[in-house]
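Asker: Got a structure for you, questions after.
Read-outs throughout are calculated quantities, based only on the coordinates presented, and are distinct from any laboratory measurement. These numbers were taken from a predicted model, which means no experiment stands behind them. Here the Cβ positions follow ideal geometry from the backbone for every residue, glycine too, while neighbour counts run over all protein chains shown.
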Amino acid sequence: MPELPEVETVARGLQREIAGQRIVSLTLGKTDFIDNPEILEAELPGRTVERVERYGKFLLLRLSGAPEPEKSREEAALLVHLGMTGSLMPKGVQDERAKHTHVVMLLGDGRELRYVDPRRFGRMAYLAGKRLSDELQRFGLDPLQMSAGEFRQAIHLRKARIKALLLDQSVVRGVGNIYADESLWSAKIHPAELGARLKPERVAKLYKALQKILQRAILLKGSSIADFLDADGMPGEYQLHHRAYGREGKPCMRCKTSIRRIIVAGRSSYFCPNCQRTPRGIRRRARVKRGRRRIR
């Protein structure tokens, strides 16, 4: 599922390609992933895409040009989550529409902005005014915009495993399984460590690792594990630089110990048992119960 670097990559591509374009018309296919399709049909045609930005794991197409004067001052946006298999790309009208094309927006320059999603695990919603602000307030700070102090406070205020905290979108928005594992490996922190018990210097190290990894992943246009393509239909390259995620059984690139996988907070977590030492309490329980460990 696309995370911050992948969504940032798509947002930058769409900003370059469609910012300033007017939405002339809208055609919908299957709509079970859309919040109130009737509102999309009523509100999108006639509006202009002012800019495209990322908000956590979501794309935000900021819109202008409300036909009703009383709505013209309201902030409005199309919120898009790509799910596991979704893509949003501009295409020429002459290009054959891919199977599972569920949303087509005809743009003012004659191209079509197409949303394709075979599994329909994504989300699309038109939001304006209070509904838009309420939706965005559900999320925590952006890891590329928050300060080291804000990050430390967010980690220390909650009694949860550090992996769970990194995945919690109300704590830090945009981080998912890939970049949580990569950052924890870089900072030499076990995914089952309790965030509140991490010393400030270790939290600071994690903060630097997370920022560095996210920024490098953006430069390489994200990780293409299965279906991810950018707004130009090209895969990312950061999967070639993974140090922990998906490398179970392979040697750690620091110490050559085999990478292991455990379940933390319901998610697979890849780590080096030598570089990322298991917390003492977890280690004692592991002696009692052998096999793959599930840590809540």
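Asker: Based only on Cα atoms, what mean projected area does the convex hull of region 79-228 have, in nm²? Don't skip to the answer; put the middle values down first.
Answerer: Working: hull surface 44.1 nm².
Hull-based average projected area comes out at 11.0 nm².
Asker: Give a residue-ordered list of calculated ³J(HN,Hα) values for region 83-89 (Karplus: 6.51 cos²θ - 1.76 cosθ + 1.60, θ = phi - 60°; whole Hz; x for Gly, Pro).
Answerer: x, 8, 9, x, 8, 10, 9
Asker: Grab the other residues whose beta carbon is less than 12 angstrom from that of Val203, score K and R as +1, D and E as -1, and report the net.
Answerer: Residues close to Val203 contribute a combined charge of +3.
Asker: If you average the sequence gap of Cα pairs under 8 Å that are 6 or more apart and divide by the length of the chain, what percent do you get for the contact order?
Answerer: Values: 600 pairs, mean separation 50.9, N = 296.
Computed over the chain, the figure is 17 percent.
Asker: Quick one: what do you get for region 4-136 if you divide its Cα Rg by 2.2 N^0.38 Å?
Answerer: On the way: Rg = 13.7 Å, N = 133, 2.2 N^0.38 = 14.1 Å.
Ratio of Rg to 2.2 N^0.38 Å for region 4-136: 0.97.
Asker: In addition: Please report, to one decimal in angstroms, the Kirkwood hydrodynamic radius of the chain built from all distinct Cα-Cα pairs.
Answerer: It is 20.5 Å.
Asker: Can you pull the one-decimal nm distance between simple spin-label points at Asp95 and Asp35, each 7 Å off the Cα toward Cβ?
Answerer: 2.8 nm
Asker: Can you pull out the chymotrypsin sites (Phe, Trp or Tyr not before Pro) in region 79-150 whose DSSP state is coil and whose Cβ has at most 14 other Cβ atoms within 10 Å?
Answerer: Numbers: sites: Tyr115, Phe121, Tyr126, Phe139; in loops: Phe121, Phe139.
Filter output for region 79-150: Phe121.
Asker: How large are Rg and Dmax for region 148-295 when calculated on the C-alpha trace, in angstrom?
Answerer: Spelled out, the Cα radius of gyration and Dmax of region 148-295 are 15.3, 52 Å.
Asker: What number comes out for the charge environment of Ala148, summing +1 per Lys or Arg and -1 per Asp or Glu over other residues with Cβ under 12 Å away?
Answerer: Working: positive: Arg152, Lys205, Lys208; negative: Glu150, Glu201.
So the environment of Ala148 carries a net charge of +1.
Asker: Return the calculated 222 nm mean residue ellipticity for the chain, to the nearest 500 deg cm²/dmol, obtained by summing -39500 (n - 2.57) across DSSP H runs with n ≥ 4 and dividing by the residue count.
Answerer: Theoretical 222 nm ellipticity from helices: -8500 deg cm²/dmol.
Asker: Express in nm, to one decimal, how much length is gained between Ala19 and Arg131 on full extension, taking 0.36 nm for each residue of separation and deducting their alpha carbon distance. Intermediate values should be presented prior to the final figure.
Answerer: Working: separation 112, 0.36 × 112 = 40.32 nm, distance 2.31 nm.
Additional length available on full extension: 38.0 nm.
Asker: Follow-up question, since we're still on this one. How far is it, in nm, from the label point at Glu74 to the one at Lys250 when both lie 7 Å from their Cα along the line to the Cβ?
Answerer: Each label point lies 7 Å from its Cα, and together they span 4.9 nm.
Asker: Here is a follow-up. Which order do Tyr238, Tyr55, Tyr179 fall in if you start with the one that has the fewest other Cβ atoms within 10 Å? Mind dumping the intermediate values first?
Answerer: Details: Tyr238 24, Tyr55 17, Tyr179 27.
Sorted ascending by nearby Cβ count, the order is Tyr55, Tyr238, Tyr179.
Asker: Please give the Cα centre distance for region 174-208 versus region 1-27, rounded to the nearest Å.
Answerer: What the calculation gives is 30 Å, centre to centre.
Asker: Exposure proxy check: Lys99, Lys221, Lys250 ranked by fewest other beta carbons within 10 Å?
Answerer: On the way: Lys99 7, Lys221 23, Lys250 14.
Least crowded to most crowded, the residues run Lys99, Lys250, Lys221.
Asker: Using the Cα centre of the chain as origin and beta-carbon charges of +1 (Lys, Arg) and -1 (Asp, Glu), tell me which of Ala19, Met105, Ala244 is placed farthest towards the positive end of the dipole.
Answerer: Of Ala19, Met105, Ala244, it is Ala244.
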